[in-house]
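The values are calculated or read from the model by the stated rules, or taken from the named source; none is laboratory data. These figures come from a predicted structure and were not determined experimentally. Positions of Cβ are backbone-derived with ideal geometry, glycine not excepted, and every protein chain shown enters the neighbour counts. To get the accessible areas, we keep the full protein, side chains included, count just its heavy atoms, and leave off ligands, DNA and RNA. Shrake-Rupley method; radii C 1.70, N 1.55, O 1.52, S 1.80 Å.
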Amino acid sequence: MKPDSLYITDLDGTLLQDDATLSPYSRSTLEQMLGTGLQFTIASARSVFSIQDIIQDLPIKLPIISINGGYISDPVTGRHFIVNQIDSTVVKDLLDMVHTAELAPWVSTFNGSRDCLYYNQIANGGMQWYLEDRQAANDTRLHYLNDLDNSLSDQVICVIVMGKEGQVAEIRSTIESRYGKRLMTQFYENRYSPGWHWLSIHDAGATKGNALRTLVDKWGFGESEVVVFGDGENDIEMFQEAGRAIAVANAEEPLRPFADRIIGPNSDDSVVRFIEAEFGMVVKDHRN
């Protein structure tokens, strides 16, 4: 561990509690450590809006990584430093594939001044859960479009498909066979709405691993030890890039072989307790 170590953590299933909240202990402890020099940030599949809603006034100064590497952004203003978009001709084909499968997509975009989350119809209970979740959060990105092709004038960052496992897995297989290495897909069951599976589709460059490299290179952390925390398959590339990779006890099996260490579960504030133990030693050494 170096005094200038950089700590980067996933949110859901890692830093957050099982109800998708940051516990009072984790919040207050992070606030104290950030106030005394902790280099800390977040890499999540969530949007900037959703991350800001969770961290609130937590004084994170470093850029955050959102939508699995789709954006690198200022945590306070939400301004994007890096935007990784999907080619618009590819997006049109993706939308056609989803409609052919009798499902409906969400389209996450940046229109040059603000983030948008477009939808056209609510095709199933998984989509209904997400709509209500975003409405309850007063998500300003949310917009209904009569024709989702109109979203193609924006920079499309991510297309999300929600449905039953077999339906969504079939679309994923078609996309991967057609586009190979041009796109990155993440397929998982929504932990907060069991039974509904999500397929998240990004440009191949939009990964947490690529975003971590960019953050280290462009923000001057080339000499720092990078310590990352995660629980899911979408954290694998980030684990491969890090100096040390820490998985929580509830981590998915595909991630575990890439971990240098496995700590307690997310529900025990294990990430913050780990950082507190290490960072506390650094602070103590500096004071001595």
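Criterion applied to Asp269, Asp235, Asp217 was being buried (at least 19 other Cβ atoms within 10 Å of the Cβ) and within 22 Å of Ile67 (Cβ to Cβ), and the one residue passing it is Asp235. Here Ser108 fulfils each of the conditions (1) crowded, with 21+ Cβ neighbours inside 10 Å; (2) assigned to a helix (DSSP H, G or I); (3) small (Gly, Ala, Ser) apart from (2). It is to be established whether one or more residues within segment 250-271 are under 15 Å from the mean Cα position of the chain (by Cα) and in a helix (DSSP H, G or I). Within segment 250-271, not a single residue is under 15 Å from the mean Cα position of the chain (by Cα) and in a helix (DSSP H, G or I).
Hey, any hits in segment 198-205 for a residue that's acidic (Asp, Glu), within 17 Å of Val90 (Cβ to Cβ), surrounded by 18 or more Cβ atoms within 10 Å (Cβ to Cβ) and in contact (Cβ under 8 Å) with a residue 60 or more places away in the chain? Within segment 198-205, one or more residues are acidic (Asp, Glu), within 17 Å of Val90 (Cβ to Cβ), surrounded by 18 or more Cβ atoms within 10 Å (Cβ to Cβ) and in contact (Cβ under 8 Å) with a residue 60 or more places away in the chain. Would you confirm whether any residue within segment 16-24 is within 14 Å of Ser73 (Cβ to Cβ) and either β-branched (Val, Ile, Thr) or touching a helix residue (DSSP H, G or I) at 6+ places or on another chain (Cβ under 8 Å) (or both)? No: segment 16-24 contains no residue that is within 14 Å of Ser73 (Cβ to Cβ) and either β-branched (Val, Ile, Thr) or touching a helix residue (DSSP H, G or I) at 6+ places or on another chain (Cβ under 8 Å) (or both).
Per-residue answers, yes or no, for (1) of a type in the set (Asp, Glu); (2) closer than 16 Å to Ser88 by Cα; (3) modelled with pLDDT of 95 or more; (4) open to solvent by 50 Å² or more (accessible area, probe 1.4 Å):
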| site | (1), (2), (3), (4) |
| --- | --- |
| Arg134 | no, no, yes, no |
| Thr140 | no, no, yes, yes |
| His143 | no, no, yes, yes |
| Val156 | no, yes, yes, no |
| Met162 | no, no, yes, no |
| Glu176 | yes, no, no, yes |
| Gly195 | no, no, yes, no |
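Reported count of residues in segment 37-59, each being more than 12 Å from the chain's Cα centre (by Cα), closer than 24 Å to Gln135 by Cβ and open to solvent by 10 Å² or more (accessible area, probe 1.4 Å), is 5.
A single entry from Leu103, Leu62, Leu117, Leu34 fulfils the requirement of being in contact (Cβ under 8 Å) with a residue 60 or more places away in the chain, open to solvent by less than 40 Å² (accessible area, probe 1.4 Å) and over 19 Å from the mean Cα position of the chain (by Cα): Leu103. In segment 10-34, which residues are of a type in the set (S, T, N, Q) and outside any loop (DSSP other than H, G, I, E, B)? Selection gives Thr14, Ser26, Ser28, Thr29, Gln32.
In segment 226-249, the qualifying residues are those that are outside any helix (DSSP H, G or I) and over 12 Å from Ile8 (Cβ atoms), and the one that is farthest from the chain's Cα centre (by Cα) is Ala249.
Can you spot a residue in segment 178-188 that is without any contact (Cβ under 8 Å) to a residue 24 or more places away in the chain, in contact with a helix residue (DSSP H, G or I) (Cβ under 6 Å, 6 or more places away or on another chain) and open to solvent by 40 Å² or more (accessible area, probe 1.4 Å)? Yes, segment 178-188 contains a residue that is without any contact (Cβ under 8 Å) to a residue 24 or more places away in the chain, in contact with a helix residue (DSSP H, G or I) (Cβ under 6 Å, 6 or more places away or on another chain) and open to solvent by 40 Å² or more (accessible area, probe 1.4 Å).
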